Amino acid sequence: MNSDMMDAKRQIDPMEFACRFLKTRGAALELRGDVTNILLPKDVAQSLMVEEFITVGADHGASDGSDTRKIYPLQFQTPLLDRIASTAGATPPFLQANLKFAYIKTQGFDRLIKEQFELHKSKIKVIKTGETKTRYLLLTCRFRAQSDELKEGLLDICFNLDTGAVISNMAEAISLVQKEYPAISPRGCTKKEIEKIHELVSRYGPEMIEHKLSFFVESMNRRFKRDAASLDEYYAALEKEMAASLARGGISDRLILERKEKIAMVPDELTAKKKDLLNKYSITINFRPVAALALTSPCVTVFIKLMSGRKKSNITMTYNPVTKKMDPMVCRSCGMSTYVLGCCPNMHVNCLSCIEQGGQCGRTICCPGASFLLRSIY
């Protein structure tokens with residue numbers, strides 16, 4: 001064992017770590033001299049494979065003054081501590097922070113909107129602005145792409161929890177912003193927010209991973225084409241050689257018939273080999289969240305009048321002080337974040353793709369009563 005690992009172990013108190021973890025899982029703790037009595041929730045006790053009421057100690061020699069109660073030692077490489085560490089690592093860490101800015105833009109939003117947004121048969125007019133707060137979530141996911149080779153990596157997805165807009169360039173800029181971490185434990189996300197997170201990750205995750213894996217996919221495709229071409233050459237040469245052998249003299253009719261049957265089987269065998277090759281280079285992707293950072297940030301809400309022909313409606317846009325740009329709008333029909341805007345017949349914001357398809361309210365999530373299939377890729 002190297003000196004770095006020894007130093008790390010000296011800095012970590014296994015007893016303190018275990019007790020802090022069990023408190024977060026709803027356990028009640030009572031310190032009694034060298035040992036601690038712990039009352040565990042039933043599900044936690046089952047996951048750790050212990051009784052609901054246990055006594056733990058920092059070493060094997062700890063005592064609670066009684067010879068009847070079993071004391072679980074909490075030291076490095078003891079079974080209970082190993083199970084606690086595994087359980088703690090199974091849940092993605094969740095952290096909250098408040099963003100702080102010395103200055104936030106207060107004007108010039110009409111110009112910024114015209115630079116960022118493309119309007120389809122509509123116009124906008126900035127009515128007023130107001131400083132407020134909004135919530136962002138930076139979700140870090142680990143992906144594992146398995147083919148003939150293995151590719152692993154991390155993917156950051158950042159979106160506005162209040163609007164559902166995905167902010168593609170925000171993750172890199174967050175590291176440069178001053179943060180204040182609350183002393184109290186984070187409250188986590190509500191069930192509705194978690195469902196929204198699943199929806200957004202399911203919607204955007206595959207495309208973002210595909211972009212991350214573009215070189216890996218190109219490599220697998222290139223190798224598949226190379227090996228497929230080699231198979232074509234091999235079986236073409238084999239078929240040619242077998243056909244040429246039929247022209248030789250002294251071959252019996254039976255042998256000629258057998259060789260013709262084998263020649264006829266060459267295309268099917270080539271197809272089967274290519275199918276095996278395709279399975280070899282196909283890519284299977286595993287994708288799961290490993291950490292989440294919830295951010296409360298000051299922002300500027302820009303109140304806008306949207307005009308299309310003689311119709312008008314009021315909408316709001318969000319100025320993001322992290323990216324120093326406007327957050328994208330969310331299409332009311334397909335739910336995608338977009339900087340290309342138009343209106344459906346009921347003056348709901350739609351992306352260009354949905355407008356070109358007719359912009360019909362109610363066909364997905366545009367209007368009340370529409371249905372939407374929630375799909376999770378976890």
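No lab work stands behind these numbers, since they all come straight from the coordinates. The shown structure was predicted, so the numbers you read here are calculated from the model rather than taken from an experiment. Because the Cβ atoms are built from the backbone with ideal geometry, glycine has one as well, and the counts that use them run over all protein chains shown.
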Exercise. If you take all C-alpha pairs in segment 151-265, what percent of them are over 24 Å apart?
Worked result: 61 percent
Problem set entry | Of the trypsin sites (Lys or Arg not before Pro) in segment 130-226, those whose Cβ has at most 15 other Cβ within 10 Å and which sit in DSSP loop | Arg187
Problem set entry | Point-charge dipole on Cβ atoms (K/R +1, D/E -1) for segment 215-282, about Cα centre, debye to 20 | 160 debye
Seminar exercise, completed: Going fewest to most other Cβ atoms within 10 Å around each Cβ, Val266, Val349 line up as Val266, Val349
Problem set entry | Principal axes of segment 189-346: Cα extent on each, largest first, Å | 93, 44, 29
Problem set entry | For the chain, the spread of Cα positions along each principal axis, largest first, Å | 100, 82, 44
Seminar exercise, completed: Out of Leu270, Ile256, Met220 - ranked by how far each Cα lies towards the positive end of the dipole of segment 215-282, with unit charges on the beta-carbon of charged residues - the top one is Met220
For this session: Using Cα pairs closer than 8 Å and at least 6 residues apart in sequence, work out the relative contact order for the chain, in percent.
Result: 21 percent
Seminar exercise, completed: If every Lys and Arg gets +1 and every Asp and Glu gets -1 at its Cβ, then about the Cα centre segment 94-215 yields a dipole, in debye to the nearest 20, of 660 debye
Exercise. Based only on Cα atoms, what Rg/Rh ratio does segment 202-244 have, Rh being taken as Kirkwood's radius?
Worked result: 1.39
Problem set entry | Stokes-Einstein D in µm²/s, Kirkwood radius over Cα pairs - segment 215-282 at 37 °C with 0.692 mPa s viscosity | 240 µm²/s
For this session: Choose one of Gln75, Ile283, Ser333: the residue whose Cα lies farthest towards the positive end of the charge dipole of the chain (beta-carbon charges +1 Lys, Arg; -1 Asp, Glu; about the Cα centre).
Result: Ser333
For this session: Determine, from the Cβ-Cβ distance of Gln178 and Ile315 and an R0 of 22 Å, the FRET efficiency 1/(1 + (r/R0)^6), rounded to the nearest 0.05.
Result: 0.10
Exercise. What helices does the chain hold that run 24 Å or longer along their axis, going by alpha-carbon atoms, with a Kyte-Doolittle average of -1.0 or more, using DSSP H for the helix calls?
Worked result: 214-245, 253-281
Problem set entry | Proximal lysines to Lys275, defined as alpha-carbon separation beneath 25 angstrom and excluding residues fewer than eight positions away on the same chain | Lys151, Lys225, Lys240, Lys260, Lys262
Problem set entry | Selection of GluC sites (Glu not before Pro), segment 245-276, meeting DSSP coil and at most 14 other Cβ within 10 Å | none
Exercise. Could you give the nm distance between label points at Glu149 and Thr301, where each point is 7 Å from its Cα heading toward the beta carbon?
Worked result: 5.0 nm
Seminar exercise, completed: Met242 and Lys274 label points (each 7 Å along its Cα→Cβ direction) are spaced in nm at 1.7 nm
Problem set entry | Gyration tensor (alpha-carbon) shape descriptor, segment 156-211, a/c threshold 1.5 | oblate
Problem set entry | Extended-chain gain in nm, criterion 0.36 nm per residue less alpha-carbon gap, Phe94 and Ala228 | 43.6 nm
For this session: About the Cα centre of the chain, how large is the charge dipole given +1 on each Lys and Arg Cβ and -1 on each Asp and Glu Cβ? Please answer in debye to the nearest 20.
Result: 2000 debye
Problem set entry | Förster radius 25 Å - calculated FRET efficiency between Asn221 and Asn286 (Cβ-Cβ, nearest 0.05) | 0.80
For this session: Mind sorting His348, His211 by how few other Cβ atoms lie within 10 Å of their own Cβ, fewest first?
Result: His211, His348
